[in-house]
Amino acid sequence: MIWPQALKSCSGGRVISVVSADERGFQVDENPQGQLHFRRVGQHITVETEAIDVAHFMAREHGRRAWDLVIGQAFLDLIDMPTTLPGLCSLVRRGGLLYFPTTFDGDTTFQPESDAEFDRAIEACYHQAIDQRVLDGKPSGDSRAGRRLFAHLRAAAVDVLAAGGSDWVVFAGANGYPADEAYFLHDIINTIDLVLTGHPHLEAERLGAWVAQRHAQIEQGALVYIAHQLDILGRMTAPMGEEQDGKP
């Protein structure tokens, strides 16, 4: 989610979500073009959403306008940070914020253990597949994106203001999994199955049995899933290139 300069000028720099809009006295409606309108006395904020490839977005917006805030949720482990993050940071004005919540950081755990050695092999191969992922001929993944983000932000003239863990911990209570968490867990297992099927270091029969067992555990409300992730908030100290060019 990326919020332009226009939003700050309308809202005094405060990003207001639909969830909290009522609490802040806003009326919210959507027009046929898909724009959200937040209205209260003296304020009218228009929010537009758009689905666009990040590379196309950066190319379109470069030099066009400065942005107050960039949010990339569960995103940075899906890109090649050394080549993509500098361009994304360059869109943010001096003093603007960058917030990267739920950034995966290299730990995937399922309980109960099925076969401890095979569980570790699956985790290692899955993380390796993330690191080796290629899209359109370009690297596109980092299983340790969270911890590596600190150095990448520093190189992009971004000061880290706050950081902390934001692990996913999914488990069933007395009434089973809440909301859509069972669906989510099935999707995680399906993703691992899709990525690792045919992996040369995993026996196909054992992998198939592992996948079937994990799906059954979800149906029984027995599977616990933990993924280690980080939330990181930073502030742009200077647009990219200014420090290198000696500009103030």
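The values are calculated or read from the model by the stated rules, or taken from the named source; none is laboratory data. Source: prediction; values computed, not measured. For neighbour counting, all protein chains shown are included, and Cβ atoms are generated from backbone atoms with ideal geometry for every residue, glycine included.
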Give the residues of the range 19-44 that are touching a Phe, Trp or Tyr at 6+ places or on another chain (Cβ under 8 Å) and either in a loop (DSSP other than H, G, I, E, B) or at pLDDT below 50 (or both), sorted by residue number.
Phe26
How many residues, within the range 154-177, are without any contact (Cβ under 8 Å) to a residue 60 or more places away in the chain and either among the aliphatic types (A, V, I, L, M) or part of a strand (DSSP E or B) (or both)?
6
Which numbered condition trips up Ala179, out of (1) out of contact with any strand residue (DSSP E or B) (no Cβ under 6 Å at 6 or more places or on another chain); (2) loosely packed, with under 14 Cβ neighbours inside 10 Å; (3) modelled with pLDDT of 95 or more?
(3)
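Each row is one residue, and each column tells you yes or no for (1) farther than 15 Å from Ile226 by Cα; (2) among the acidic types (Asp, Glu); (3) at pLDDT below 95.
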{"position": "Gly106", "(1), (2), (3)": "no, no, yes"}
{"position": "Gln128", "(1), (2), (3)": "yes, no, no"}
{"position": "Arg133", "(1), (2), (3)": "yes, no, yes"}
{"position": "Ser143", "(1), (2), (3)": "no, no, no"}
{"position": "Val158", "(1), (2), (3)": "yes, no, no"}
Any chance the range 207-217 includes a residue that's in contact (Cβ under 8 Å) with a residue 12 or more places away in the chain and in contact with a strand residue (DSSP E or B) (Cβ under 8 Å, 6 or more places away or on another chain)?
yes
Has the range 230-238 got at least one residue that is within 30 Å of Glu117 (Cα to Cα), surrounded by fewer than 18 Cβ atoms within 10 Å (Cβ to Cβ) and in contact with a helix residue (DSSP H, G or I) (Cβ under 9 Å, 6 or more places away or on another chain)?
no
Name the residue that is surrounded by the most Cβ atoms within 10 Å (Cβ to Cβ), counting only residues in the range 46-84 that are in a loop (DSSP other than H, G, I, E, B), touching a residue at least 40 places away in the same chain (Cβ under 8 Å) and charged (D, E, K, R).
Asp80
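Condition check: assigned to a helix (DSSP H, G or I) and loosely packed, with under 13 Cβ neighbours inside 10 Å. Does Ala151 satisfy that? Talk me through it step by step, then tell me what you get.
Details: assigned to a helix (DSSP H, G or I): yes; loosely packed, with under 13 Cβ neighbours inside 10 Å: yes.
Yes.
Yes or no, residue by residue, for (1) touching a helix residue (DSSP H, G or I) at 6+ places or on another chain (Cβ under 9 Å); (2) part of a loop (DSSP other than H, G, I, E, B):
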| site | (1), (2) |
| --- | --- |
| Ala179 | no, yes |
| His186 | yes, no |
| Leu202 | yes, yes |
| Arg206 | yes, no |
